[in-house]
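This report refers to the structure that appears directly beneath it.
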């Protein structure tokens, strides 16, 4: 990738000896050194790291979320941080979401947060290639008090399922799947979203690798392409939220 003009800004990775009594969100790319970002230099201090870590852990999780998170840990499945979940819940509530599509069911952690922010009659359509994970999510949703008709579970690859969903039928599309398919999922999301709808991508920091100038695997290069595409698209109003492992969010213009 390189550092040509217009490229995604390169930030230093998180130092292993960062001094904070709170854990900095893993892979966030924060550093205590000064960093250059689009022509503006600002210090990233230990206090700022602590503040970010506090914000990411600000929301208390209930029993259903803790159960789903524990199943994820046992199964070796990554799940969104509490801060990311709270952001998703807020975004779903902000657009008064009635229809949400999720790529990457996992064990239901992100799904619970999305359902909590959606309208009481809203339906979450969630896609995952592993049916066993979706069984965990079904149990988690029941434990969180959601009726069975609030979620539609579709097993399969995202790029096989998303093309079958209705054009303009969704208020929010959340992508937490295969990073190699990020750009294709973005194209599908833009088709699925109504004007004013939101698309969100989780894990865009890639544990600090996206902003690390060292050589990176193809999946990280794809994330950098995603960042550039979203930032430069005239169809989108974008923001990159530094919660969890990075939440890229954009509104589709009307």
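What follows is calculated from the coordinates using simple rules that are stated; it is not laboratory data. What you are looking at is a predicted structure, and each value in this text was computed from that prediction instead of being measured. Neighbour counts are summed over all protein chains in view; Cβ atoms, including those assigned to glycine, are modelled from backbone coordinates with ideal geometry.
Here, region 154-204 is characterised by an Rg to Rh ratio of 0.93, where Rg is the alpha-carbon radius of gyration and Rh the Kirkwood radius. By the count of other C-beta atoms within 10 Å, a proxy for reagent exposure, 170, 113 are ordered fewest to most as 170, 113.
What relative contact order, as a whole-number percentage, does region 92-198 give when Cα pairs under 8 Å and 6 or more residues apart are counted?
32 percent
Applying 0.36 nm per residue to the separation of residue 215 and residue 139 and subtracting their alpha-carbon distance, the gain on full extension is 23.3 nm.
Here the average projected area of the convex hull drawn through the C-alpha atoms of region 69-176 stands at 6.1 nm². Pair-distance distribution of region 63-252: all C-alpha pairs, bin width 10 Å, starting at 0; shares per bin in whole percent are 10, 40, 39, 11, 1.
The ranking of 204, 109 from fewest to most other beta carbons within 10 Å of each one's beta carbon is 204, 109.
The gain in end-to-end length when the residue 73 to residue 47 segment is fully stretched comes to 6.4 nm, 0.36 nm per residue minus the alpha carbon separation.
Output the relative contact order of region 63-252, whole-number percent, from Cα pairs under 8 angstrom with separation of 6+ residues.
20 percent
Sorting 102, 225, 74 from the fewest to the most surrounding beta carbons within 10 angstrom yields 74, 225, 102. If R0 is taken as 25 Å, the Cβ-Cβ distance between residue 123 and residue 94 corresponds to a FRET efficiency of 0.90. Indicate, rounded to the nearest 5 percent, the antiparallel portion of the DSSP beta bridges found entirely in region 63-252. Rounded to the nearest five, the antiparallel share is 35 percent.
Viscosity 1.002 mPa s, temperature 20 °C: what is the translational diffusion coefficient of region 101-142 from Stokes-Einstein with a Kirkwood Rh over Cα pairs, rounded to a whole number of µm²/s? In µm²/s, the coefficient is 210.
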